[in-house]
1. Would you be able to tell me the number of residues in the stretch 11-52 that are part of a loop (DSSP other than H, G, I, E, B) and either closer than 17 Å to LEU63 by Cβ or under 54 Å from the mean Cα position of the chain (by Cα) (or both)?
2. Would the stretch 127-139 turn up any residue that is surrounded by fewer than 11 Cβ atoms within 10 Å (Cβ to Cβ) and touching a residue at least 24 places away in the same chain (Cβ under 8 Å)?
3. Among the residues of the stretch 155-190, which ones are among the aliphatic types (A, V, I, L, M), in a loop (DSSP other than H, G, I, E, B) and at pLDDT below 90?
4. Can you tell me which residue within the stretch 147-173, out of those that are among the polar types (S, T, N, Q) and surrounded by 13 or more Cβ atoms within 10 Å (Cβ to Cβ), is farthest from LYS119 (Cα to Cα)?
Amino acid sequence: MFRASTLLNNARLEKELDFSEVAKRLKINVKYLEALEQENTHCFPQEPYCSLIIKDYADFLGLNGQEILRIFRRDFAQKHKQKLSKKTFFSFTPQFTFTISIIITIVFFSLYLVSEYVKFNRPPKLKVDWPPESVLVDNNIDINGVTDPESTVRVNQDLVIVDQNGNFEKEISLVSAETKVVIESKGTNGKSTFSEKTFKINK
């Protein structure tokens with residue numbers, strides 16, 4: 001199946017005509033004639049001028065201008081479809097969707113492993129609500145705090161119960177003028193977090 005550009009080129013060469021001679025006879029810019037035979041769409045003139053040039057050019061070469069114009073439009077439509085198919089190359093085919101799903105799954109699983117690794121190897125969190133010294137009553141203080149639920153808490157080496165939410169509470173008696181309270185939260189990985197405060201009693 002011949003293309004319009006090929007038919008025009010063959011007819012011109014059979015008549016031993018060059019572009020400059022045809023352009024002079026038809027009063028058409030040489031670049032338009034070259035663009036039509038080379039299918040250089042970027043140099044095509046605007047419609048309806050383009051269709052008129054094709055028809056006049058074909059008639060001048062002894063071809064059926066109307067038929068050549070029809071073939072040229074068919075060729076241009078095919079080329080336009082090819083460009084569109086290239087633009088939609090990355091369409092969401094079942095295979096492409098499956099591949100993307102696998103990649104996303106691997107990425108999320110990797111992130112999960114990293115987060116679990118970091119979580120396992122970090123020391124437990126520890127937040128203590130230290131009472132201000134101004135509220136000391138009978139040299140006793142109540143200490144409240146929160147840590148990781150699976151951690152073990154000791155206050156001055158005394159084991160303290162931690163509930164399922166990580167909360168703990170301990171009452172301490174201050175037996176000296178200056179007492180240092182050390183709280184340790186030890187995680188299942190063996191790492192510990194400390195918090196301490198020294199209380200002074202004015203006697």
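1. 12
2. no
3. If the condition is that a residue be among the aliphatic types (A, V, I, L, M), in a loop (DSSP other than H, G, I, E, B) and at pLDDT below 90, then LEU174, VAL175, ALA177 are the ones that fit.
4. We begin by selecting, within the stretch 147-173, every residue among the polar types (S, T, N, Q); these are 147, 151-152, 156-157, 164-165, 167, 173.
Next, only the ones that are surrounded by 13 or more Cβ atoms within 10 Å (Cβ to Cβ) stay: 147, 151-152, 156, 167.
Details: THR147: 14, SER151: 13, THR152: 16, ASN156: 26, ASN167: 19 Å.
Selected residue: ASN156.
The values are calculated or read from the model by the stated rules, or taken from the named source; none is laboratory data. Just so we're clear, the structure is a prediction, and the values are computed from it rather than from any experiment. Cβ sites come from the backbone with ideal geometry, for glycine too, and all protein chains shown count toward neighbours.
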